[in-house]
Amino acid sequence: MRLCENGLVGDSMRIVDVKVFVAELEYFEPFTIALGTSTISRNVVVRILTDEGIVGWGEASPSRRITGETVESTIYAVKNYLKPVLVGKDPICVNDILKEIDKNLQGHSSAKAAVDMALYDILGKNFNLPLCKLLGSSKNIIVTDITIGIKSPKEMAKSAIEFVDRGFRTLKIKVGTDPLEDVERVKAVRDAVGDKIIIRVDANQGWTPKQAVKTIKKIEKYGIELVEQPVPWWDLDGMAFVRENVDTPIAADESVHSPVDALRLVKSKAADIINIKLMKCGGINKALKIANIAEAADIELMIGCMGESTLGITGAAHFAAAIDLIKYIDLDSDLLLKDNIVVEGGVTISRDMRSLPSDSGLGIKKIAQNLIKDA
Ligand SMILES: [Mg+2]
């Protein structure tokens, strides 16, 4: 027995090694948002090993356009700055470890999210509880939307019909390249799917504040649930202007990475909703802090993803199941990828419902070794 820094009793488990892998996962079709196009998702998988044989899995999906991280920088960060903090520590003392990691390295949120996820996996396995239960969840199913990347209005309408036929009741439509065509995109999808389907719109910073107001006013008649990140991430005044001038709720995505960003957003009254992504905030531990700020400020929450496989999505799903305030769930990136590194276990999908695994920790039982390469 020993004490954590904060006085809680931990057992004598120790982290003995941290392995880092890279996974290159192809999208079914090129995925375009206002910031660019992706054909593959290059992710970093982390495996933390302990002296008791408990193993923790985590995944980073670094986004150079959003968090400034690359696969290479993520691997370097984990190997050179995170691993030295982890080895020798009791993995149960998650708070202490993550605090020390933050002190040792600024930024690198996806790298930190992978390590955070693996630590929570170990925590759940140690106490023999699925992670969502450990976080206090009473749910084991969450309902997700599905995202349609930017294409021609006609192609987007076709994808919309396919997804609705598969059982999705909420569509997230990417726009933000050209305001006039963006209106056509939303119209085409609404015409194709009818009135019963919920439509969310994500401009990924693609509009100026005035363009945003003009465009949102035009698409409001098609029944839009919310508009995500209409203006550049740094322009909180611009986003507050948009929020003031339209009826549709505004969600902040790229504008909010950390808990500090969330507090700044609250003060600036720039959004009605915060989109939490583990890859932006650095993992579940930080995501809990954002959720607390949002609850105190009476701001709704969305949970989103980058290009995670089912491994990273499972981590986010456990968090989403535990946080009541998360009203909007966008955990779908693995559904857009051809390859799946999770062979057994993890979160599953039936129509638009994602079931949490009942095994302890993340509940990942088997990883496809052929899809992850030593980094
Ligand atoms: Mg977004």
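The values are calculated or read from the model by the stated rules, or taken from the named source; none is laboratory data. Computed from a prediction, not measured in an experiment: that's the story for all the values here. As a convention, Cβ positions derive from the backbone with ideal geometry for all residues, glycine included, and neighbour counts pool all protein chains shown.
Scan segment 253-264 for residues that are more than 15 Å from the ligand (Cβ to nearest atom) and touching an Asp or Glu at 6+ places or on another chain (Cβ under 6 Å) and the total you get is 0. In segment 274-298, the residue that is farthest from residue 111 (Cα to Cα) out of those that are within 16 Å of the ligand (Cβ to nearest atom) and of a type in the set (Val, Ile, Thr) is 274. Counting only strands (runs of 3 or more DSSP E) wholly contained in segment 253-335, no element carries 2 or more residues that are hydroxyl-bearing (Ser, Thr, Tyr).
Just a yes or no: is a residue in segment 122-138 modelled with pLDDT under 95 and within 25 Å of residue 324 (Cα to Cα)?
Keep residues of segment 122-138 that are modelled with pLDDT under 95, which gives 137-138.
Now restrict to residues that are within 25 Å of residue 324 (Cα to Cα): 137-138.
Yes: segment 122-138 contains one or more residues that are modelled with pLDDT under 95 and within 25 Å of residue 324 (Cα to Cα).
Candidates in segment 124-161 are the residues that are without any contact (Cβ under 8 Å) to a residue 40 or more places away in the chain, under 16 Å from residue 190 (Cβ atoms) and out of contact with any helix residue (DSSP H, G or I) (no Cβ under 7 Å at 6 or more places or on another chain); of these, the one that is surrounded by the fewest Cβ atoms within 10 Å (Cβ to Cβ) is 152.
Of these, 321, 316, 291, 297, which one is within 26 Å of residue 251 (Cα to Cα), surrounded by fewer than 20 Cβ atoms within 10 Å (Cβ to Cβ) and among the hydrophobic types (A, V, I, L, M, F, W, C)? Please lay out each step first, then the result.
Working: 321 fails: surrounded by fewer than 20 Cβ atoms within 10 Å (Cβ to Cβ); 316 fails: surrounded by fewer than 20 Cβ atoms within 10 Å (Cβ to Cβ); 291 fails: surrounded by fewer than 20 Cβ atoms within 10 Å (Cβ to Cβ).
One residue alone meets the criteria, 297.
For residues that are modelled with pLDDT of 95 or more and among the charged types (D, E, K, R), scanning just segment 65-90, find the one that is surrounded by the most Cβ atoms within 10 Å (Cβ to Cβ). Looking at residues that are modelled with pLDDT of 95 or more and among the charged types (D, E, K, R), I get 69.
Taken over segment 289-315, the criterion of being closer than 18 Å to residue 331 by Cβ and either among the charged types (D, E, K, R) or without any contact (Cβ under 8 Å) to a residue 24 or more places away in the chain (or both) is satisfied by 300, 308.
Among residues belonging to segment 199-228 that are under 17 Å from residue 148 (Cα atoms) and among the hydrophobic types (A, V, I, L, M, F, W, C), point out the one that is farthest from the ligand (Cβ to nearest atom). This residue is 219.
What number of residues in segment 57-112 are in contact with a Ser or Thr (Cβ under 8 Å, 6 or more places away or on another chain) and without any contact (Cβ under 8 Å) to a residue 12 or more places away in the chain? Step through it out loud before you land on a result.
In the first step, residues of segment 57-112 are kept if they are in contact with a Ser or Thr (Cβ under 8 Å, 6 or more places away or on another chain); the result is 59-64, 67, 69, 74, 90-91, 107-111.
Still in the list and also without any contact (Cβ under 8 Å) to a residue 12 or more places away in the chain: 64.
Number satisfying all stated conditions: 1.
When residue 192 is tested against (1) more than 22 Å from residue 304 (Cα to Cα); (2) within 16 Å of the ligand (Cβ to nearest atom); (3) of a type in the set (Gly, Ala, Ser), only condition (2) is not met. Residue count for segment 193-208 under the criterion of being closer than 19 Å to residue 352 by Cα and among the small types (Gly, Ala, Ser): the result is 1.
Per-residue answers, yes or no, for (1) crowded, with 17+ Cβ neighbours inside 10 Å; (2) within 19 Å of residue 320 (Cα to Cα); (3) away from the ligand (no atom under 15 Å from the Cβ):
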{"site": "230", "(1), (2), (3)": "yes, no, no"}
{"site": "233", "(1), (2), (3)": "yes, no, no"}
{"site": "236", "(1), (2), (3)": "yes, no, yes"}
{"site": "246", "(1), (2), (3)": "yes, no, yes"}
{"site": "251", "(1), (2), (3)": "yes, yes, no"}
{"site": "272", "(1), (2), (3)": "no, yes, no"}
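From the list 90, 121, exactly one residue is in the same structural domain as residue 13 (by TED's automatic domain parsing) and touching a Cys at 6+ places or on another chain (Cβ under 8 Å). Which is it? If you could, list the steps in order and put the result at the bottom.
On the way: 121 fails: touching a Cys at 6+ places or on another chain (Cβ under 8 Å).
When all the criteria are applied, what remains is 90.
Residue 225 meets the conditions (1) in contact (Cβ under 8 Å) with a residue 40 or more places away in the chain; (2) in contact with a helix residue (DSSP H, G or I) (Cβ under 8 Å, 6 or more places away or on another chain); (3) surrounded by fewer than 21 Cβ atoms within 10 Å (Cβ to Cβ) in every case but one. The failed one is (2). Within segment 23-37, the set of residues being of a type outside the set (Phe, Trp, Tyr), within 19 Å of residue 309 (Cβ to Cβ) and within 14 Å of the ligand (Cβ to nearest atom) comprises just one member, 33.
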